Structure formats: structure tokens, C-alpha cells
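These notes are about the structure you will find just below.
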Amino acid sequence: MSGRLAAVSIDLDEVPNYFALHGLAVPERSGTAGALHAVYEKALPRVAGFAASHGIPVTLFAIGRDLARPASAAALRALSDAGHAVENHSYGHRYDLSRLPRADMARDVLLGAEAIAEAVGRRPTGFRAPGYTVSDALFDVLDTLGVEFDSSVFPCPPYYAAKVLAMGVQRAQGRGSAAVLDTPRVLVAPRRPYRPGRPWYRRGGRRFVELPIQVTPGPRLPVIGASVALAGAAGARLLARACAGEALVNLELHGMDFLDRSDGLEALARYQPELRVPLGRRLEALGAFVEETARRGARFVRLDEAARERGLVE
């Protein structure tokens, strides 16, 4: 490999995770109940179509427990067989994973890897923590288990502030949240690929590579699925241009970015702003970002390929 790289990764958080995130019980109405597997049933085929239409590979971060459902495992295997990467997003998607006893963390990471290996026939080499929340203890576990790369660190002040506000509003309304707030030290972490040290938000000598979630130079604005999609096609091109000088443009999406409120998600539309924008407009914006990034000379690869690129890490 050589030259500038770009990667699109997609977290396959299923619909119940969003209800937990917003402190909501899953409605029992038939429409919502039928949408509980919408990420695997509806989003994944759209992901495959999006990747094919733009001629790019994608990296999928799967939650191990979801693959106990044969249909979900089969859908994931189909994308893996088509050349896309499947990496580990933990087994149980506990937002407090990084705060568990070390043995429990290791067990969760291992179970997630084993479930993915059984489902797709390839053991994952990368990891992404639920909620982007990491710790030295979790990074020690990843190092011990021989993980080749992590892509969890999101050094984004606007995102951090929005999360603080959202969690505060939920508490004021009497709704809890499954989410946990990361240390504000994440905001001083490198925004470009690095080998973490101790503390994890500093460069050091760990064996694995950290591939941070994309932010812009300067103000560190978020460059993720929701921000790109909500920016519209013109705004998405501006975000792509802002990242044009990066050695790796690491665009992180969620399966939710490929779903529409008409997919049985009316109950979530009040809480998930992207669902209030028609799916077609969001996909147009995501496509504009990919096209502008490629036009400016970046080559799209899987994250495992990016992690092995010599000279990528600062």
C-alpha cells in the first residue's frame, strides 16, 4: 500500500441498544417489535449496495451476542465472503465495559471474537469499544490478547459536550441511560493513528495501533455518519475537503445510518435525529463524502489493511 488511505467502518448496534441508550423500554407495538433486528435484516443489504455502488470495502464491527441468531450470522457471513472485514465490537455491548474487572473485560472481548469467528470463518484482528469508551485496563487486555488495532478513541469536543448535555437532560426527565461518560482526557488524545502508551491517550509503546474516529483538523468537528448525513451532500463534501490532508480518513458509521423511520422505527425518531431525515438524502450525503474523498486522492481500504500500513502511525 502507499499514498493516502480512507476507510468506512460500520458499528452494527441493533435497535434495542438505542432504546437502552435513551433510557427507554422497547415498545410492545408490533411495528417496533418487528424492527428489533432491522440492522441485520434491512441495513446490511443497504450497506452491501452502498459499498458496491461506490466500489469500496467496508469494515463491520459486530456484537457477538447478536450472532446467536442464525439469520444475522448468515447475513454477516455473506458480506465477509464478499471481501468486507468483520471486527469485534465486544460480546455484550456493555457501555461500561472499560470499567469492569479485568477478567470480565477479557472474557467479553474473547467471547465476541469467538462468536464472530464462528459466524464468518475468520477471527477478528480489530476491536471497537461500545460508546467509544476505553481505559488503560481495557487497552492492557487488548494488548494481552494480541489485538492488532483498536478504533475507539474519539477526541471530539463537540461530541463530548453534546453527550454531557444529552445525559443531563435524560436524568432531568427521569430517564437513565446505558451510556457512560468517558474521561475528558480523551479530548487531548491524538486525532491521527498512534500506538497508545500509558495513559492510553498519550503515544507510547503498546503493540497494537489506535485508529481514532475521524475529526477535522483544528476545531476537531465530528466526521461520523450522523454529522456527515445531517450536513447534506454539499456539507459532506466540505467535511471531506477538510480531511483531505489526512494520511487516513476514518469515517465511522452505524447500522442506524442505513435505516429509515418507516422501517418500524417511529418510536425512535424523536430521539435519533438522523431518522428525521429521509434515508435517500442521508445516503446521498454519505456518497458525496466518499466520492469527494476518493477524488482528492485517497484509496479506500479495510481498517485491518490500514492498520498494517507502514508509515501510517505517527
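Across the stretch 275-285, coupling constants 3J(HN,Hα) worked out from phi with the 6.51/-1.76/1.60 Karplus curve, θ = phi - 60°, read 6, 8, 10, x, 4, x, 5, 5, 5, 5, 5 Hz, and Gly and Pro carry x.
Highest-first packing order for the peptide set 169-181, 115-127 is 115-127, 169-181, based on the mean count of other beta carbon atoms within 10 Å.
Between Thr144 and Arg122, residue separation times 0.36 nm minus the direct Cα-Cα distance comes to 6.0 nm. The local environment of Asp260, defined by Cβ-Cβ distances under 12 Å, has a net charge of +2 under the rule Lys, Arg +1 and Asp, Glu -1. Which of Ala234, Ala244, Ala75 moves most in a GNM of the chain, Cα contacts under 10 Å? Its mean-square fluctuation being the largest, the pick is Ala234. Across the protein chains, with a 1.4 Å probe defining accessible surface, the residues His254, His89, His37 rank His37, His254, His89 from largest area downward. When both bridge partners sit in the chain, DSSP labels roughly 10% of those beta bridges antiparallel.
Taking 0.36 nm per residue of separation and subtracting the current Cα-Cα distance, fully stretching the chain between Ala25 and Arg99 would add 24.2 nm. Taking 0.36 nm per residue of separation and subtracting the Cα-Cα distance, what length does fully extending Leu238 through Ala78 add? Gain on stretching Leu238 to Ala78: 54.2 nm. Our helix-only sum for the chain, with -39,500 (n - 2.57) per DSSP H run of n ≥ 4 divided by its residues, gives a mean residue ellipticity at 222 nm of -12000 deg cm²/dmol. If you take the Cα centroid of the stretch 217-287 and the Cα centroid of the stretch 38-64, the two points sit 15 Å apart. The structure shown yields Cα Rg over 2.2 N^0.38 Å, and of the options [x] 0.93; [y] 1.70; [z] 1.00 that calculated value carries the label [x].
Electrostatic bookkeeping for Gly297 treats Lys and Arg as +1 and Asp and Glu as -1; over the other residues with beta carbon under 14 Å from its beta carbon, the sum is +2. Between Arg203 and Leu111, the simple label model (points 7 Å from Cα in the Cβ direction) yields a spacing of 3.8 nm. Here the contact order of the chain, divided by its residue count and restricted to Cα pairs under 8 Å and six or more residues apart, works out to 25 percent.
In this simple spin-label model, placing a label point 7 Å from the Cα along the Cα-to-Cβ direction at both Arg281 and Ala137 gives a separation of 4.4 nm.
The values are calculated or read from the model by the stated rules, or taken from the named source; none is laboratory data. Since this is a predicted model, take the numbers as computed values, not measurements. In this analysis, Cβ positions are derived from the backbone assuming ideal geometry, glycine residues included, and neighbour counts consider all displayed protein chains. Accessible surface is based on the protein model in full, side chains and every heavy atom, while ligands, DNA and RNA are left aside. Shrake-Rupley method; radii C 1.70, N 1.55, O 1.52, S 1.80 Å.
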